[in-house]
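First up is the structure itself, then whatever we jot down about it.
The values are calculated or read from the model by the stated rules, or taken from the named source; none is laboratory data. Note that this is a predicted model, so its numbers are computed, not measured. Ideal geometry is used to build each Cβ from the backbone, glycine not excepted, and the neighbour counts take in all protein chains shown.
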Amino acid sequence: MTTRTDELSQQEIAEIVETAEANLFRFWDNVTSEVAEQFGGYWREIGGATAVVTKAFPTDFFNRIIGLGIHQPATDAMIDEITALYRPLGVPWSICVSPHAQPVDLADRLLMRGFKPSYSLAKMLRGNEPAPKIETDLRIERVDKANVAHFADVSIRGFGFPESFAPVLESMVENSDVHGYVAYDGNVPAAVGLLVVKDEIGELANAVTLPEYRRRGAQGAIMARRIQDGLDLGCRWFSTETGETTQQNPNSSYHNMLRTGFELAYLRPNYVYQPGT
């Protein structure tokens, strides 16, 4: 049966896209215990939300709350519990607040506690329509043990991750729910992408192309390949995200998503808490 986003309520849309992202950020389940211990990485579920902790990386990207107020209304007690989890770490951390989170004054409550509004992300969603055909002169391969180092290397260089993050990236794609992709120019790795599949939902993430290989269709082709593979794995919904696009600052990733069938679900702001606030 074909699934269409216009048949969903706003609450159902929020549940799908926030769950998809939470599935991705529960990646500490997908690495060895030795790697998780090395980076101080783990996650906790608090009030239906996913709290991700990465002690080794003191940024709010790797220390964040996803889905608060989506699966059940957020309470002050939940926010207190979340704060108690992060405060001893001494790192910046953030709460992603969907416009459909409950209660409706959740963002105001965070502001009163000292959180500061940060960047917004465009949360994108599509159903299980067939994947489009995207042309590229690059060769796309699935990640396996033979090329997992290429996946990690392009991810690190493309996103500016520390080189020490390689064991996490390599361990992630060894999990049966996580599928990595590398685009090659000849034998040279040029771009990567990630697909996480769980409970009929596919999350497309970790998409980056090295600067010298851009404008050759890499990301559109990797996106189409991930959609097709997700369909083969039984996905009914696909979610992804990118930065907000404006006339002043157009986002090519956003337009790639539109041409592969994604629609804007909503813009979602982050609220960041800095140590010592």
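Considering region 252-263 alone, what residues qualify as being without any contact (Cβ under 8 Å) to a residue 60 or more places away in the chain and not small (Gly, Ala, Ser)?
Going through region 252-263, the residues without any contact (Cβ under 8 Å) to a residue 60 or more places away in the chain turn out to be 252-253, 255-256, 258.
Result: HIS255, ASN256, LEU258.
Can you pull out every residue in region 120-172 that is in contact with a strand residue (DSSP E or B) (Cβ under 6 Å, 6 or more places away or on another chain), closer than 29 Å to VAL97 by Cα and outside any helix (DSSP H, G or I)?
SER120, LEU121, ALA122, LYS123, MET124, LEU125, ARG126, listed by residue number.
Going by the conditions given, is ASP153 over 14 Å from ARG214 (Cα atoms), at pLDDT 95 or above, surrounded by 15 or more Cβ atoms within 10 Å (Cβ to Cβ) and assigned by TED's automatic domain parsing to the domain that holds ARG226?
It is true that ASP153 is over 14 Å from ARG214 (Cα atoms), at pLDDT 95 or above, surrounded by 15 or more Cβ atoms within 10 Å (Cβ to Cβ) and assigned by TED's automatic domain parsing to the domain that holds ARG226.
Does region 213-230 contain any residue that is of a type in the set (Ser, Thr, Tyr) and assigned to a helix (DSSP H, G or I)? Full working, then the answer.
First, the residues of region 213-230 that are of a type in the set (Ser, Thr, Tyr): 213.
Then drop every residue that is not assigned to a helix (DSSP H, G or I), which leaves 213.
Yes, region 213-230 contains at least one residue that is of a type in the set (Ser, Thr, Tyr) and assigned to a helix (DSSP H, G or I).
Can you name every residue in region 6-29 that is surrounded by 18 or more Cβ atoms within 10 Å (Cβ to Cβ) and more than 15 Å from the chain's Cα centre (by Cα)? Outline the logic, then answer.
First pass over region 6-29, keeping only residues surrounded by 18 or more Cβ atoms within 10 Å (Cβ to Cβ): 13-28.
Of everything in region 6-29, just one residue is surrounded by 18 or more Cβ atoms within 10 Å (Cβ to Cβ) and more than 15 Å from the chain's Cα centre (by Cα), namely ILE13.
Looking at TYR181, TYR266 in this structure, which one is part of a strand (DSSP E or B), under 14 Å from ALA131 (Cβ atoms) and aromatic (Phe, Trp, Tyr)?
Working: TYR266 fails: under 14 Å from ALA131 (Cβ atoms).
Residue meeting the stated conditions: TYR181.
What are the pairs, 6+ residues apart or on separate chains, where a residue within region 234-247 that is outside any strand (DSSP E or B) has its Cβ under 8 Å from a residue that is crowded, with 23+ Cβ neighbours inside 10 Å and not hydrophobic (A, V, I, L, M, F, W, C)?
Every condition considered, the pairs that remain are CYS235/GLY202.
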